[in-house]
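Heads up: the structure comes next, in structure tokens.
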Amino acid sequence: MGEKTPHIAHAFWETGNTGLVILSQDWSSTRARPPLFLGPLNERFAKMDRLSPAECGRYCRYYRQKNSWVFTIRSERHPELLDRKVRVFLGGDFNEWGEAIGRSEWELKPISEVAETRYELRVPLKRIPKDRKFSFKFVTDKGDWLDVPDSAPNRISEGGVANFVFDPEQTGQHIFRFWTPDGYEPIGNEKIVWRDDQTEEVHELPHTQFLTLAKTKLELGALVEGDSTTFRLFAPRASGVQVCYSENADGSDLVTEALKERDGVVWEAIVPKNLDSYFYSFRVEGTSIEGTSHFDPSFAVLDPYAKACLGCRGPGIVVAPERLRKVERPFTPPAWHDLVILEGHVRDLAAHAPIDLGAEERMGYSGLRKWLRAEGSYLKEIGVNAVELQPIQEFDNPGREDYHWGYMTVNYFSPESSYALEPESASQVEEFRGLVEDFHKEDIAVILDVVYNHVGEPNHLLFIDKFYYFHLDDANDLVNWSGCGNDLRCDTPMGRRLIIDSLKHLVETYDVDGFRFDLAELIGIDVLREIEIELKKIKPSLILIAEPWSFRGHIQKELQETGFASWNDGYRDGIADYVCGKGSQDTVRHFMAASPGTTRFAAQTINYTESHDDHCWLDRITERPKHDGDDPTLLDRRRTHLMASILFASLGVPMLAEGQDFLRSKRGISNTYQRGDINALDYNRRFVYSGTHGYFRDWIRFRRSPAGKALRLDGGLREGYLEFFFAEGSSAAVVLFNADGSVGAPQLVYAINPHLEYADIACAAVRPRELLQVADQERFRPEGLGAALIPVDATHIYLPPLSCGLWILGG
């Protein structure tokens with residue numbers, strides 16, 4: 001005998017006093033209402049009505065009507081259907097999924113002429129399997145599968161793909177709406193109880209609709225005021241919370257105190273003592289409900305609002321408010337269109353700095369500060385006006401000496417403790433603030449790479465409330481579109497608040513100038529908009545950058561109407577192909593013009609050809625085997641120069657990676673997230689490849705100068721601003737900047753030939769006597785190159801193989 005099928009398949013709240021119960025099979029229409037009660041007090045429902053089959057279809061996307069199965073969707077749920085230009089088909093196990101596209105017998109049709117309507121398909125009973133369940137979904141004639149919402153009661157995840165489930169035992173007679181007794185207010189532990197003469201079945205009534213609305217306005221964390229310290233933790237489903245604090249880091253004098261529930265969702269304890277510099281953690285108790293929680297009262301939970309902590313496991317450190325003072329005179333970063341960004345890692349930049357540093361200084365903030373201030377400092381020498389630091393919020397490296405990129409955050413307020421000289425004293429607070437101040441003294445803005453799409457290990461938020469803080473699948477397992485094991489639920493009130501509060505803290509306390517959001521697609525466009533609004537109230541000049549993708553999707557187009565710029569991965573891949581002679585005219589036209597169609601204004605694209613991820617630039621394009629560019633060829637170097645010229649001539653914001661200018665190699669290793677030995681910059685390569693280093697510097701200096709203003713377009717691309725000319729049958733190109741004269745700056749002519757043969761490009765705009773050549777593929781002199789000029793006549797520019805040039809028109 002197999003296990004008996006439970007009567008209740010799903011149950012959930014709709015509003016404050018109504019909900020739905022979905023039974024495992026149809027309930028006979030000739031019988032009274034199902035024997036259902038509201039637990040834990042076993043009260044009868046004030047009212048219970050069966051939904052009509054059509055209403056059931058709204059939830060399950062199918063129902064039975066006489067001799068047909070009706071499959072249905074609503075156009076308002078799928079905006080692409082509103083204009084009637086897209087056709088929709090039913091695909092599933094029974095009809096070979098995508099094979100249904102284009103076949104009229106599987107096409108859903110609108111039932112009315114209005115835009116917001118139902119699409120339906122009626123399928124005779126004989127065409128649908130009657131003795132088994134199967135998966136199905138809806139697909140457009142373009143091959144796009146429509147999403148399956150989390151709220152669908154028959155949603156199932158199969159191999160990471162969400163589908164609907166068809167069950168012949170559920171024909172549309174199996175869903176009931178209930179009303180709670182008059183005056184009843186849900187408290188969060190309700191159950192649906194089935195009780196008949198033979199069985200009693202208790203089904204948890206997930207209060208997740210209420211749970212994910214839970215919020216508080218109370219200040220959270222460890223709060224010192226005078227001779228008192230208040231501990232507060234948002235834990236909406238906890239049954240008990242304790243705080244454990246000590247003056248000694250080893251916990252030898254540990255004191256444990258119970259917190260009291262403050263407002264139904266926040267727990268609080270007030271200690272009549274100033275606990276500045278004390279160490280603390282929480283213990284959270286609760287009941288595990290259908291895998292939606294992960295309480296463990298023995299686990300030391302790091303306070304999400306701790307302003308400093310001692311490693312990824314904690315404990316947190318109480319920090320007095322006077323150490324967290326707001327910056328009085330904030331730095332104003334350059335305008336977006338004037339930015340030139342260098343992406344770097346604190347430890348990579350400091351590890352081999354050619355100055356006198358101690359071993360501990362080379363691991364973090366203090367070493368980087370001294371290197372930044374030193375004569376001949378790389379970060380000053382290269383000439384950028386913004387640095388994008390890889391994550392400095394506390395991350396999950398096991399020990400202080402362990403290297404990590406930092407994309408596994410465990411606390412969003414604390415600067416990384418392993419980068420500090422005295423983390424036990426929370427010196428990271430002052431050290432990181434000092435680093436930002438030092439960058440500002442050099443007129444370099446500080447952008448932080450932040451990770452709000454997932455968290456590292458240990459996963460402290462998991463022990464506070466699994467469902468509230470994380471996306472779960474149907475089995476209540478953590479969803480993993482980030483590829484890092486968990487996806488943060490950013491759209492809950494306190495999820496949003498945690499993100500925004502921590503970002504505001506970094507701006508107000510440390511004077512950070514901007515943020516780059518890792519896998520921003522998982523954060524969501526609505527939350528990103530709220531972040532923009534709240535942060536720009538504090539610092540209107542703030543720089544906001546999104547990595548617009550995840551394994552789930554891409555939101556670059558949606559970001560057009562926001563104040564976010566986007567990392568342009570298409571630029572990275574397209575330019576690598578182009579300089580290797582594999583690109584097209586469209587490639588250079590699109591990427592040098594700020595990727596029109598994906599941007600609203602030119603500076604909305606962050607153009608880059610290398611970042612921390614994947615192969616570095618040189619390893620990507622090298623002629624050497626196994627992607628190991630440690631000993632680059634002459635052709636590798638030439639192509640790097642061509643790339644640099646395109647990068648700094650393209651409209652948009654250029655970003656280079658640390659060491660890219662002196663031909664850094666990662667020896668063919670694509671993922672070096674824990675390889676400090678590989679990532680640490682070898683500054684000796686600046687001397688070995690001084691010409692390349694100087695070429696990058698010269699291009700950056702020119703781009704930022706008044707003479708290079710035409711490359712820094714402020715606003716959207718206007719028709720006529722750029723003119724392109726191409727060699728016939730070739731991707732070699734000439735580009736005229738400021739062709740319409742709309743910018744009060746010299747017109748510029750840029751030319752490039754990535755091929756191994758000569759390119760003669762007809763260019764009507766060229767006036768040879770008015771051209772001053774300032775750069776080619778090896779040299780850059782703003783006053784003009786004195787010899788070996790690229791040939792130009794009244795009609796053509798004659799580009800040698802693997803060459804480029806820049807001219808000032810009228811110079």
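The values are calculated or read from the model by the stated rules, or taken from the named source; none is laboratory data. All values derive from a computational prediction rather than experimental measurement. Heads up, the Cβs are rebuilt from the backbone with ideal geometry, glycines too, and the neighbour counts pull from every protein chain shown. Areas reflect the complete protein model, heavy atoms only, side chains present, ligands, DNA and RNA absent. Shrake-Rupley method; radii C 1.70, N 1.55, O 1.52, S 1.80 Å.
So here's what we get for this one:
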| read-out | value |
| --- | --- |
| Neighbourhood net charge (11 Å Cβ-Cβ; Lys/Arg +1, Asp/Glu -1) for residue 422 | -4 |
| For segment 318-438: span of alpha carbons on each principal axis (Å, largest first) | 39, 34, 26 |
| Above-threshold pairs, the threshold being 32 Å between Cα atoms, out of 626/709; 466/666; 47/217; 380/539; 4/215 | 626/709; 466/666; 47/217; 4/215 |
| ³J(HN,Hα) computed for each position of segment 450-460 - Karplus, 6.51 cos²θ - 1.76 cosθ + 1.60, integer Hz, glycine/proline x | 10, 10, 10, 9, 7, 10, x, 10, x, 8, 5 |
| Semi-axes of the equivalent ellipsoid for segment 132-291, Cα gyration tensor, largest first, Å | 45, 22, 15 |
| Karplus (6.51, -1.76, 1.60) ³J(HN,Hα), θ = phi - 60°, over segment 122-139, in Hz, Gly and Pro reported as x | 9, 10, x, 3, 5, 8, 10, x, 9, 10, 7, 7, 8, 8, 8, 6, 10, 9 |
| Environment charge at residue 690 (Cβ cut-off 11 Å; Lys +1, Arg +1, Asp -1, Glu -1) | +2 |
| Portion, in percent, of the accessible area of segment 646-685 that falls on carbon or sulfur, probe 1.4 Å | 35 percent |
| With all protein chains modelled, accessible area of residue 529 [1.4 Å, Å²] | 90 Å² |
| Helix-only [θ]222 nm of the chain, DSSP H runs n ≥ 4, -39500 (n - 2.57) each, per residue, nearest 500 | -5000 deg cm²/dmol |
| Paired Rg and Dmax values of segment 448-538, which use every Cα atom, in angstrom | 13.3, 43 |
| Heavy-atom surface of segment 112-193, accessible at 1.4 Å and reported per residue (Å²) | 50 Å² |
| Accessible area expressed per residue, segment 37-90, with surrounding protein chains retained (probe 1.4 Å, Å²) | 51 Å² |
| Calculated Rg and Dmax of segment 129-169 using C-alpha coordinates, Å | 11.2, 33 |
| Among 175, 784, 408 - extreme Cα towards positive end, dipole of the chain, charges at beta-carbon | 175 |
| Accessible-area composition of segment 236-347, carbon plus sulfur, in percent [1.4 Å probe] | 48 percent |
| Relative contact order [Cα under 8 Å, 6+ residues apart], the chain, whole percent | 8 percent |
| Amide H contacts of residue 759 (H built 1.01 Å from N, under 5 Å, at least 5 apart or other chain) | 799 |
| Protein accessible area in segment 92-197, 1.4 Å probe - carbon and sulfur % | 45 percent |
| Segment 103-110 - phi-based ³J(HN,Hα) in whole Hz, Karplus 6.51/-1.76/1.60, Gly and Pro as x | 9, 4, 5, 10, 8, 7, 10, x |
| Local net charge near residue 278, Cβ-Cβ under 11 Å (Lys/Arg +1, Asp/Glu -1) | -2 |
| Loop-located trypsin sites (Lys or Arg not before Pro) in segment 295-360 whose Cβ has at most 15 other Cβ within 10 Å (DSSP) | 325, 326 |
| Charge dipole (the chain, unit charges on Cβ, about Cα centre) - positive-most of 622, 319, 464 | 622 |
| Given charges at beta-carbon only (K, R positive; D, E negative), |dipole| of the chain in Debye | 1960 debye |
| Answer label for log10 I(q)/I(0) by the Debye sum over Cα atoms at q = 0.05, 0.11 Å⁻¹ (calculated), chosen among (i) -0.26, -1.35; (ii) -0.34, -1.24; (iii) -0.34, -1.52 | (ii) |
| Shape category assigned to segment 716-811 from the gyration tensor of Cα positions, a/c cut at 1.5 | oblate |
